[in-house]
Number of protein chains: 2
Amino acid sequence: MFEVFKAYVLKHALISDDEFALIEAASRIKKLRKKQYLLQEGDVCRDHSFILSGLLRTYSVDDKGNEHIIRFATKDWWISDRESLLTGLPSKFNIDAIEDSTVLLWSAAQMEDLMDKLPGFSKMINGILNKSFITSQNRIHEAISSTAEEKYHNFITRYPDFALRVPQSMIASYLGIAPETLSRLRGKKH
Amino acid sequence: MFEVFKAYVLKHALISDDEFALIEAASRIKKLRKKQYLLQEGDVCRDHSFILSGLLRTYSVDDKGNEHIIRFATKDWWISDRESLLTGLPSKFNIDAIEDSTVLLWSAAQMEDLMDKLPGFSKMINGILNKSFITSQNRIHEAISSTAEEKYHNFITRYPDFALRVPQSMIASYLGIAPETLSRLRGKKH
DNA sequence: TTGCTTTCTTAACAAATGTCATCGTCCTGG
DNA sequence: CCAGGACGATGACATTTGTTAAGAAAGCAA
């Protein structure tokens, strides 16, 4: 399974076999069944996770019991609560598996160590962080400037795969609208 | 004016005087009058900017001429369009000065060079990027899970300074609501 | 299969927000 | 100093969205 990760890294950086050996030695593998938590609200997030297979989501639950999905993540994506990871404080978010999944884990300390020892790896990780930030900015832009219909259209255009693998109520949650509203939008002619 | 930047950096990293000399040599200073653009939609963003004084905003303008403010930024904050900076493609956003401002600039190439040569500086910049990403995630969370009233309340709590220096119509734009809606929310008792 | 759960749709109504227009105040540039 | 513009408040009305409830269709487990 580590091969999936290796193939991913080689798309972004030049890493030698010796370096991969270090990275692999510091990693753990974890299998998750559907609905299983990778991180639960109130716990401290201790690991960076890379998804080898499956589909996960990050979400919060409010006072009324409503779930709010911050993001979905699938093969070749990273997932964690960076805030909890950085501060060591309990997480506000849950991460769980929407489908049976497999992830690679590195503790914060291990990741820090790897990044100090392997500049190429560090540069890659920070490049990914930069792209993640850009994606976030664009999502914020969309959230404040688009109608619900536009948001939905953009979602299925940008993530056609998720649209097939995820129930519509979760898409509504991701977009910040009620599931009934999404159902109505879909019913309308364009 | 470079002293403002130096004081900021020393709060986050250990940088020697020699290193500061390098950083300063690569920088340019720019003064902006109120309403002056730092970046205009359609232009390529070429610089990382650090704000020495004043207040700026990043925003887009839609088909109907409505402005949507992605973020405000003031002294000791960085501002740029990271997407345009990374890709070299024209920016979707405008950045302009809400107050007379002064900024320090580094071109993308200069910044890259500095980060390669100065690991401590690089680590600091990436640490800031990490925090920016966390802030973005929290804003996304708020956008999809809070009412307009909660968003406004959070804004004035988190950024009391901006609430005083920025017209309410801009706050409304930042929150993604019509200025009339914000005016009504304010009119209501808490 | 059968029964249970999940998912999605639809309807009726309430609440929130947007749009358009008007008005008064402040303030600032000429 | 004055006039025009920016800013904010408010009202009337339209539109969108949330809420509650009910039911149909599909999937899943015993």
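At a glance:
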quantity: Single unsatisfied condition, B:Leu86 versus (1) in contact with a strand residue (DSSP E or B) (Cβ under 9 Å, 6 or more places away or on another chain); (2) more than 16 Å from DNA strand C (Cβ to nearest atom); calculated: (1)
quantity: Top-ranked residue in segment A:63-80 [being assigned to a loop (DSSP other than H, G, I, E, B) and within 16 Å of DNA strand D (Cβ to nearest atom); ranked as modelled with the highest pLDDT]; calculated: A:Asn66
quantity: Residue in segment A:120-130 that is open to solvent by 70 Å² or more (accessible area, probe 1.4 Å), under 30 Å from A:Ala7 (Cα atoms) and not charged (D, E, K, R) present; calculated: no
quantity: Hey, B:Ala13 open to solvent by 30 Å² or more (accessible area, probe 1.4 Å) and either more than 16 Å from DNA strand C (Cβ to nearest atom) or at pLDDT below 95 (or both) or not; calculated: no
quantity: Leading residue by the ranking (farthest from A:Glu67 (Cα to Cα)) among those in segment B:148-182 that are within 12 Å of DNA strand C (Cβ to nearest atom), among the hydroxyl-bearing types (Ser, Thr, Tyr) and more than 11 Å from every other protein chain (Cβ to nearest Cβ); calculated: B:Ser169
quantity: Selection count where residues are within 14 Å of another protein chain (Cβ to nearest Cβ), open to solvent by 20 Å² or more (accessible area, probe 1.4 Å) and out of contact with any Asp or Glu (no Cβ under 9 Å at 6 or more places or on another chain), scope segment B:20-79; calculated: 10
quantity: Some residue of segment B:132-147 being open to solvent by 40 Å² or more (accessible area, probe 1.4 Å), more than 30 Å from A:Ser122 (Cβ to Cβ) and within 13 Å of DNA strand C (Cβ to nearest atom); calculated: yes
quantity: Cβ pairs under 7 Å, 6+ apart, first in segment B:5-28 and without any contact (Cβ under 8 Å) to a residue 24 or more places away in the chain, second buried (at least 17 other Cβ atoms within 10 Å of the Cβ); calculated: B:Lys6/B:Phe20
quantity: Selection count where residues are at pLDDT below 95 and in a loop (DSSP other than H, G, I, E, B), scope segment A:17-39; calculated: 4
quantity: Subset of segment A:144-164 (residues that are within 12 Å of DNA strand D (Cβ to nearest atom) and either within 23 Å of B:Asp81 (Cβ to Cβ) or within 17 Å of the chain's Cα centre (by Cα) (or both)); calculated: A:Ser146, A:Glu150, A:Lys151
quantity: Segment B:165-188 - residue that is of a type outside the set (S, T, N, Q) and open to solvent by 50 Å² or more (accessible area, probe 1.4 Å) and, of those, farthest from DNA strand D (Cβ to nearest atom); calculated: B:Arg165
quantity: Tabulated pairs, segment A:151-178, first within 22 Å of A:Ala97 (Cβ to Cβ), second part of a loop (DSSP other than H, G, I, E, B) and within 14 Å of DNA strand D (Cβ to nearest atom), C-beta under 8 angstrom, 6+ apart or interchain; calculated: A:Arg165/A:Ile98; A:Arg165/A:Glu99; A:Val166/A:Ile98; A:Met170/A:Ile98; A:Ala172/A:Ala178; A:Ser173/A:Asn66
quantity: Any hit, segment A:114-124, residues being small (Gly, Ala, Ser), under 29 Å from A:Lys34 (Cα atoms) and either free of Cβ contacts under 8 Å to residues at least 12 places away in the same chain or touching a helix residue (DSSP H, G or I) at 6+ places or on another chain (Cβ under 7 Å) (or both); calculated: no
quantity: Subset of segment B:81-138 [outside any helix (DSSP H, G or I) and within 11 Å of another protein chain (Cβ to nearest Cβ)]; calculated: B:Asp81, B:Lys92, B:Phe93
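The values are calculated or read from the model by the stated rules, or taken from the named source; none is laboratory data. What you see is a predicted model; the values in this text were computed from it and never measured. Using ideal geometry, Cβ is built from the backbone for each residue, glycine included, and neighbour counts are taken over all protein chains shown. Note: areas computed on protein heavy atoms with side chains; ligands, DNA, RNA excluded. Shrake-Rupley method; radii C 1.70, N 1.55, O 1.52, S 1.80 Å.
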